[in-house]
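Student: Here it is: the structure, laid out below.
The values are calculated or read from the model by the stated rules, or taken from the named source; none is laboratory data. If you're wondering where the values come from, they're calculated on a predicted model, not measured in any experiment. Reconstructed Cβ throughout: ideal geometry from the backbone, glycine too, with neighbour counts over all protein chains shown.
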Amino acid sequence: MMDKYELKNILDKHNIWLVCCDKDGACADLSYADLSGADLSNVDLRGADLSGAQLRNADLNGADLSGADLSNVDLRGADLSGAQLRNADLNGANLSGAVVLYGWEMKKVEKLV
């Protein structure tokens with residue numbers, strides 16, 4: 001599992017990158033990271049690379065994942081209620097048991113078709 005200080009450093013640099021593309025900032029590369037059970041609620045991860053990451057039982061409530069690469073991510077049991085997923089790549093993602101906001105109603109994903 002990724003150290004919380006390492007994660008905070010990556011998220012801080014990502015925020016700088018989002019705001020001003022500063023030389024000290026960088027788009028978050030969390031590909032293949034083990035973030036199982038992590039609290040990423042209300043975190044801005046627009047455009048981040050999370051491909052292949054383990055996000056099982058993670059709290060992504062209110063997170064902005066617009067344009068993020070979530071391909072082949074394990075999101076089993078994750079809370080995605082209120083998360084922004086516009087233009088996110090979810091190819092191959094496992095959402096079994098994840099909680100998502102569907103319209104105005106929260107639903108638990110039982111099976112993807």
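Student: Looking at the stretch 95-112, can you tell me whether even one residue there is polar (S, T, N, Q), in contact with an Asp or Glu (Cβ under 6 Å, 6 or more places away or on another chain), at pLDDT below 95 and closer than 18 Å to ALA38 by Cα?
Tutor: Within the stretch 95-112, the subset polar (S, T, N, Q) is 96.
Keeping just the survivors that are in contact with an Asp or Glu (Cβ under 6 Å, 6 or more places away or on another chain) gives none.
No, the conditions are met nowhere in the stretch 95-112.
Student: Quick one: is GLY67 in a loop (DSSP other than H, G, I, E, B) and in contact with a Phe, Trp or Tyr (Cβ under 6 Å, 6 or more places away or on another chain)?
Tutor: No: the conditions fail for GLY67.
Student: On to the next question. I'm checking my understanding of the structure. Among residues of the stretch 5-29 that are within 15 Å of LEU40 (Cα to Cα) and free of Cβ contacts under 8 Å to residues at least 12 places away in the same chain, which one is surrounded by the fewest Cβ atoms within 10 Å (Cβ to Cβ)?
Tutor: TYR5
Student: Are there any pairs, at least 6 apart or on different chains, whose C-beta atoms fall under 6 Å, with the first in the stretch 58-75 and among the charged types (D, E, K, R) and the second surrounded by fewer than 17 Cβ atoms within 10 Å (Cβ to Cβ) and assigned to a loop (DSSP other than H, G, I, E, B), and if so, which?
Tutor: If the second residue must be surrounded by fewer than 17 Cβ atoms within 10 Å (Cβ to Cβ) and assigned to a loop (DSSP other than H, G, I, E, B), the pairs left are ASP59/SER41.
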